[in-house]
Amino acid sequence: MPDTRESAPVPGGAPSHFIRQIIAADVAAGKHGGRVVTRFPPEPNGYLHIGHAKSICLNFGVAAEFGGVTHLRFDDTDPSKESLEYVEAIQRDVRWLGFDWKDKLFFASDYFERLYGYAEQLIRAGKAYVDHLSAEEIREYRGTLTRPGRNSPYRDRPAAENLDLFRRMRAGEFRDGECVLRAKIDMASPNLVMRDPTLYRIRRTPHYRTGTDWCIYPMYDFAHCLSDMIEGITHSLCTLEFENNRELYDWVLAALDTPHRPRQIEFARLNLSRTVLSKRRLIELVEGGHVSGWDDPRMPTLSGLRRRGYTPEAIRDFCERIGVARADNRVDIALLEHCLREDLNRRAPRAMAVLRPLKVTIVNYPADRVEELPARNHPEDPAAGSRTVPFSRELWIERDDFREDPPPKFYRLAPGREVRLRYAYLIRCVEVVREAATGAVSELRCTYDPESRGGEAPDGRKVKATLHWVSAPHALEAEVRLYDHLFLKENPAEVEEGKSFTEALNPGSLEVLRGCRLEPALGAAAPGDRYQFERLGYFCADLKDHRPGTPVFNRTATLRDTWAKIEARGGAPPQR
RNA sequence: UGGGGCGUCGUCAAGCGGUAAGACACAGGAUUUUGGUUCCUGCAUUCGGAGGUUCGAAUCCUCCCGCCCCAGCCA
């Protein structure tokens, strides 16, 4: 007999997690004829974020592993908050993430008529009733965590009366809130969800898909399980907060004696350090003007991550690595960034850009001379090819790469020191020019070694540092946006009484630099193109604001910076 | 002091009665025309705690402690 517990590796060698194990066991046992059908069921009332990505990867991933399919179903049962804009944005994001629902696109609103039929069936079976208690009264009657609730005075109406009332609800004979349809379960249940939950409410709000066809709408607990059943979902994966609802999910399907019984399985939602993932807080960031919108590159939304320069591959890898379990968690955002760098390091072409320019004049280089020096587009990938970068007498280097009074372990440029300009020459700083008024360093005068073309001196002498640079007369000017974590706190959601989570916002999460200098090859960048600016980080041309003549780049991630770490450790204070 | 869950390294997370995987982070070192990459090395005598069962327990039992979820006509 086969071991149906299936603790052994699963097809594809993916790491084991409890949902994979359950599904593998079900498949092995021939449940549902060995079929696997999952679904991703967003409500179209907001944008998808990295937490949804976990669910999307889980649902599409696990179904694919077992040769199954995944439905994209919009859980659009509350017309007051939903819209087509969100439906479109969600589809765009799921597709971008790399998943394909084929022709399996569904809407709970398409099931309204069938759902209504099931509700009547429930009424006929004496398992649901129309209640005229007000919302406040229902709350009072529900009891508390420790005290049982009381039956509504309308609870024992005959089925025929309930049926008539429910039909009149549909016909629009009652005002919003005047009555609801409730399941008749147990007002004393220790599980509050089971204390005669509301199944239908009256809402005279036009629905973005069904218009004014309906004035009654099913609640999540009624619509979701039945939608799963209708679609033949085998494994209905959701987050832990729906655990209490599982009893009701099963109750509805059993009460209706449905032919197909999906199984709800809950897993822990993702929490990420230094950001927020709740819809409520994300909305507050957008509406409070703390970010520029849902796609602000600092947002953990998929549209924000996309604009920031994240790749779908990196996000999928991240979702695979964090695992799936039932324990509350807060994943270190450094893991997401690691996945990103790993992917980008492999595929981003290299280029040179100077963010905070400092002028360098090569005093012994002819003023009218320009050389085109070959540079590799990727140090480890010859297939990425090469390009040419112009070199001339006047250059820009990074201000951070020069120190008048270099601290220990700083081995970049300083008075009298020699360094290498990447792909170009060895240069030595012979003079520091200052602004008369402020005394600030305004220019460096250097000599170059004509024998070191390409960066290697014939005498074999070594140099400790290699700097990136851009030829001044050939440079493109650009705006570069430096992004950092949105929040300073590990868990921004944890706030003191009376304070807002927005107080933990990182004031330095965005720094806009203008007058940055790019090497000419970057002029070919199209919106969304990603590069590694050597020694700085990964950058992408902004999807919205980048124009060929006026380039705008977003910093996707910095490179790991060992020197910054040494410096921060207190060795030498930064001098700027 | 109702019910439902969850506690394994700083953070995730395997582990399914046979003697604590892996990843990130962190710390060293090697290579390097990116202080990047890559490569080595180190990093839980112990699994929330206490008892018990067993030749043997993170895994089974008992009690205790801590954290999360539920009182929408939201999902």
(message) What's the total number of residues in segment A:90-120 that are in contact with a helix residue (DSSP H, G or I) (Cβ under 8 Å, 6 or more places away or on another chain) and on the phi > 0 side of the Ramachandran plot?
(response) 1
(message) For segment A:351-372, which positions are buried (at least 19 other Cβ atoms within 10 Å of the Cβ) and within 14 Å of A:Glu519 (Cα to Cα)?
(response) A:Ala351, A:Met352, A:Ala353, A:Val354, A:Leu355, A:Pro357
(message) Pairs please, first residue from segment A:300-329 and open to solvent by 10 Å² or more (accessible area, probe 1.4 Å), second anywhere and basic (Lys, Arg) and in a loop (DSSP other than H, G, I, E, B), Cβ atoms under 8 Å, 6+ apart in sequence or on different chains.
(response) A:Arg307/A:Lys544; A:Arg308/A:Arg298
(request) May I ask you to say which residue of A:Ile233, A:Ile185 is outside any helix (DSSP H, G or I), touching a residue at least 40 places away in the same chain (Cβ under 8 Å), in the same structural domain as A:Ser83 (by TED's automatic domain parsing) and open to solvent by 30 Å² or more (accessible area, probe 1.4 Å)? (result) A:Ile185
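Condition check ((1) within 16 Å of RNA strand B (Cβ to nearest atom); (2) in contact (Cβ under 8 Å) with a residue 24 or more places away in the chain; (3) open to solvent by less than 50 Å² (accessible area, probe 1.4 Å)) across all residues:
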| site | (1), (2), (3) |
| --- | --- |
| A:Lys499 | no, no, no |
| A:Val512 | no, yes, no |
| A:Gly515 | no, yes, yes |
| A:Tyr531 | yes, yes, yes |
| A:Glu534 | yes, yes, yes |
| A:Tyr538 | yes, yes, yes |
| A:Ala564 | yes, no, yes |
(request) May I ask you to list the residues in segment A:425-444 that are within 16 Å of A:Trp469 (Cα to Cα) and open to solvent by 70 Å² or more (accessible area, probe 1.4 Å)? (result) A:Arg428
(message) Can you find, within segment A:193-246, the residue that is farthest from RNA strand B (Cβ to nearest atom) among those that are more than 22 Å from A:Val130 (Cβ to Cβ) and basic (Lys, Arg)?
(response) A:Arg209
(message) So for segment A:132-155 (the condition being hydrophobic (A, V, I, L, M, F, W, C), surrounded by 14 or more Cβ atoms within 10 Å (Cβ to Cβ) and more than 9 Å from RNA strand B (Cβ to nearest atom)), does at least one residue qualify?
(response) no
(message) Looking at segment A:342-399 only, could you name the residues that are small (Gly, Ala, Ser) and either farther than 23 Å from A:Thr556 by Cα or touching a strand residue (DSSP E or B) at 6+ places or on another chain (Cβ under 6 Å) (or both)?
(response) A:Ala348, A:Ala351, A:Ala353, A:Ala367, A:Ala375, A:Ala383, A:Gly385, A:Ser386, A:Ser392
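The values are calculated or read from the model by the stated rules, or taken from the named source; none is laboratory data. Treat the numbers as computed from the prediction; the structure is a model and nothing was measured. Quick reminder, even Gly has a Cβ in these numbers, built from the backbone with ideal geometry, and neighbours come from all protein chains shown. These area figures cover heavy atoms from the full protein model, side chains too; ligands, DNA and RNA do not enter into them. Shrake-Rupley method; radii C 1.70, N 1.55, O 1.52, S 1.80 Å.
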